[in-house]
There are 2 protein chains.
Amino acid sequence: MGNAEKVLLKLVSKAVWDYGMIREGDRVLIAASGGKDSTSLAFALAERSRYSNEHFEFAALHIASDFCNCCKKAKLEALFSSWNVPYSELFVPVIGRLKPGKTMNCYWCSTQRRTELIKYATEHGFNKIALGHHLDDIIETLFMNMMLKSEISTMPPVMAYEKYPVTIIRPLALVEERQILAFAEEKGFGRAVCTCPYGRNSKRRDIRKRIEALTGGSGDTKRNIFESMKHVKDGYLT
Amino acid sequence: MGNAEKVLLKLVSKAVWDYGMIREGDRVLIAASGGKDSTSLAFALAERSRYSNEHFEFAALHIASDFCNCCKKAKLEALFSSWNVPYSELFVPVIGRLKPGKTMNCYWCSTQRRTELIKYATEHGFNKIALGHHLDDIIETLFMNMMLKSEISTMPPVMAYEKYPVTIIRPLALVEERQILAFAEEKGFGRAVCTCPYGRNSKRRDIRKRIEALTGGSGDTKRNIFESMKHVKDGYLT
């Protein structure tokens, strides 16, 4: 087992344990975008299912859309097949659903895909949806919410929906992006994955650079920031 | 009235109102370090006492110590006198109190001075102690606590002590440092004030730079971060 794989599996194992993310009998649907994050997540859950105490089922769902002519889906399917990750695809016409005069944006697309994921999960008996967000995503969202929405909030590692019988889990919550990149490199799928043709949201790209300047790229500092959300001191706020 | 003065008085007025910092009959002791922040604070409270609805008394206390041979105290006294700010001095041997083998540091010095301030206030019938911390200080402390202590906390605008009959208030909580600098410049006391010979804590200096990189120096962004501490979303943390 390579070093990056060890790091990935250890941190996923810690997150699953710390947050009680996966329980006996769970059926976990992995939202597989085709990117390095959710691809690494699928690998980690497949590995975990082989050695973990709790028995759980899992499958990956890729939501294809009308703006992605990705040639890499066959590679993704082959990769998942080699890892014993059941794989399905669902077509959602994200652009086709836009109301007249509206243009494509990240918010619209992610809402559409999230809705379809939940629908698919409930129809197919999955009680958990696993998303590929990692530590850097979680910190990024915290800072975006603080700086743009005047709110201390982020994407939580576990979030149960009130309206649906599904719970969102983020097993990569403790994994830094650089650790995922190292794993993708080690496994040799770094260039085989799909990236959104609209590119990363530019606000996110900008804020990511600013956060690197704040933390100096230190993993320890990022983990401290992540931990800080567990220790909100009521009498010492504004 | 100069523009920087207007800005200062407006923001102090807003903070005093928002947080109910000063009430009828309060006796406010201003901790006057001799620096631009607390000097601006003394001016703002003296002005406020002339036009505010609530009647309150105030006085400035400068804590002199055995490591400061500052030649500027006479200037500070003259400035305060011209603004009708009652001024007293107290000598505290900060270095003299160090236990053998211990060296001077910001934490030791500030603890010593805080203790003396509280003692002086209770002995002289002051129920409020006004400190010169501004918006940038408050945000800086928030980020230091997040990154180094894994805690979401800062210096609150109002903090009542449980053990003592005094409440700490920070009337400059909504004023940015650059706005204080502009005021000091406008009033012409920018170079007349005293700075600690030990210089700013180097960790603070470093983090200040990093925060400027994060916010891009934007006052709006800083105010959003300040506001975010009022909106902590419980289900959306880690």
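For the structure I just gave you, tell me whether B:LEU8 is buried (at least 23 other Cβ atoms within 10 Å of the Cβ) and farther than 12 Å from B:ILE169 by Cα.
Here the answer is yes, as B:LEU8 does meet what is asked.
Give the residue that is nearest to B:THR154 (Cα to Cα), with candidates limited to residues of the range A:205-220 that are buried (at least 16 other Cβ atoms within 10 Å of the Cβ) and among the basic types (Lys, Arg).
Only one residue fits best here, namely A:ARG210.
Could you grab me the full set of residues in the range B:22-36 that are assigned to a loop (DSSP other than H, G, I, E, B) and touching a strand residue (DSSP E or B) at 6+ places or on another chain (Cβ under 8 Å)?
Result: B:ILE22, B:ASP26, B:ALA32, B:SER33, B:GLY34.
Just checking, how many residues over the range B:63-107 are aliphatic (A, V, I, L, M) and at pLDDT below 80?
Of the residues in that region, 1 qualify.
Tell me, yes or no, whether the range A:71-94 has at least one residue that is free of Cβ contacts under 8 Å to residues at least 24 places away in the same chain, over 24 Å from A:PRO157 (Cα atoms), assigned to a loop (DSSP other than H, G, I, E, B) and not hydroxyl-bearing (Ser, Thr, Tyr).
Scanning the range A:71-94 turns up at least one residue that is free of Cβ contacts under 8 Å to residues at least 24 places away in the same chain, over 24 Å from A:PRO157 (Cα atoms), assigned to a loop (DSSP other than H, G, I, E, B) and not hydroxyl-bearing (Ser, Thr, Tyr).
Select from the range A:221-238 the residues that are outside any helix (DSSP H, G or I) and either hydrophobic (A, V, I, L, M, F, W, C) or under 14 Å from A:ASP137 (Cβ atoms) (or both) and list them in ascending order.
A:MET229, A:VAL232, A:LEU237
Which one is surrounded by the fewest Cβ atoms within 10 Å (Cβ to Cβ) among residues in the range B:50-92 that are of a type in the set (Gly, Ala, Ser) and within 18 Å of the chain's Cα centre (by Cα)?
Looking at residues that are of a type in the set (Gly, Ala, Ser) and within 18 Å of the chain's Cα centre (by Cα), I get B:SER88.
Can you give me the number of residues within the range A:145-166 that are of a type in the set (Asp, Glu) and under 30 Å from B:SER218 (Cβ atoms)?
1
Restrict the check to the range A:205-220 and report whether at least one residue is within 14 Å of chain B (Cβ to nearest Cβ), part of a helix (DSSP H, G or I) and either under 18 Å from the mean Cα position of the chain (by Cα) or within 28 Å of A:VAL28 (Cα to Cα) (or both).
Yes - at least one qualifying residue is present in the range A:205-220.
Looking at this structure, is B:ILE118 closer than 30 Å to A:SER218 by Cα, among the hydrophobic types (A, V, I, L, M, F, W, C) and either at pLDDT below 95 or under 19 Å from the mean Cα position of the chain (by Cα) (or both)?
Spelling it out, it is not the case that B:ILE118 is closer than 30 Å to A:SER218 by Cα, among the hydrophobic types (A, V, I, L, M, F, W, C) and either at pLDDT below 95 or under 19 Å from the mean Cα position of the chain (by Cα) (or both).
Scan the range B:221-230 residue by residue and report those that are surrounded by 14 or more Cβ atoms within 10 Å (Cβ to Cβ) and at the interface with chain A (Cβ under 7 Å from one of its Cβ atoms).
Across the range B:221-230, the qualifying residues are B:THR221, B:ASN224, B:ILE225, B:PHE226, B:GLU227, B:SER228, B:MET229.
Determine whether A:PHE143 is within 13 Å of chain B (Cβ to nearest Cβ), aromatic (Phe, Trp, Tyr), farther than 20 Å from A:ARG23 by Cα and in contact (Cβ under 8 Å) with a residue 12 or more places away in the chain.
Yes: the conditions hold for A:PHE143.
Does the range A:123-139 include one or more residues that are assigned to a helix (DSSP H, G or I), polar (S, T, N, Q) and either closer than 30 Å to A:LYS75 by Cβ or at pLDDT 95 or above (or both)?
No, the range A:123-139 has no match at all.
Would you pick out the residues in the range B:147-158 that are on the phi < 0 side of the Ramachandran plot and within 7 Å of another protein chain (Cβ to nearest Cβ)?
Of everything in the range B:147-158, those that are on the phi < 0 side of the Ramachandran plot and within 7 Å of another protein chain (Cβ to nearest Cβ) turn out to be B:MET147, B:LEU148, B:GLU151, B:ILE152, B:SER153, B:THR154, B:PRO156, B:PRO157.
Out of A:ALA15, A:ALA32, A:ALA42, which single residue is touching a residue at least 40 places away in the same chain (Cβ under 8 Å) and more than 19 Å from A:GLU54 (Cβ to Cβ)?
Every option except A:ALA32 fails the conditions.
Output yes when any residue across the range B:165-186 is part of a strand (DSSP E or B), over 26 Å from B:GLY34 (Cβ atoms), modelled with pLDDT of 95 or more and of a type outside the set (Asp, Glu), and no when none is.
Within the range B:165-186 (the criterion being part of a strand (DSSP E or B), over 26 Å from B:GLY34 (Cβ atoms), modelled with pLDDT of 95 or more and of a type outside the set (Asp, Glu)), the answer is no, since none of the residues qualifies.
Does at least one position in the range A:149-157 carry a residue that is more than 18 Å from the chain's Cα centre (by Cα), at pLDDT 95 or above and assigned to a helix (DSSP H, G or I)?
Yes, because at least one residue in the range A:149-157 is more than 18 Å from the chain's Cα centre (by Cα), at pLDDT 95 or above and assigned to a helix (DSSP H, G or I).
The rows are residues; the columns are (1) closer than 24 Å to A:VAL92 by Cβ; (2) among the acidic types (Asp, Glu).
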| site | (1), (2) |
| --- | --- |
| A:ASN3 | no, no |
| A:LYS10 | no, no |
| A:TYR19 | no, no |
| A:GLU24 | no, yes |
| A:LEU29 | yes, no |
| A:SER33 | yes, no |
| A:ALA60 | yes, no |
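Any residue that is small (Gly, Ala, Ser) and more than 12 Å from chain A (Cβ to nearest Cβ) - is there at least one of those in the range B:163-183?
Yes, the range B:163-183 has at least one match.
The values are calculated or read from the model by the stated rules, or taken from the named source; none is laboratory data. On a predicted model such as this, the values are computed, not experimentally measured, just so you know. When we count neighbours, we look across all protein chains shown, and the Cβ atoms used for this are built from the backbone with ideal geometry, even at glycine.
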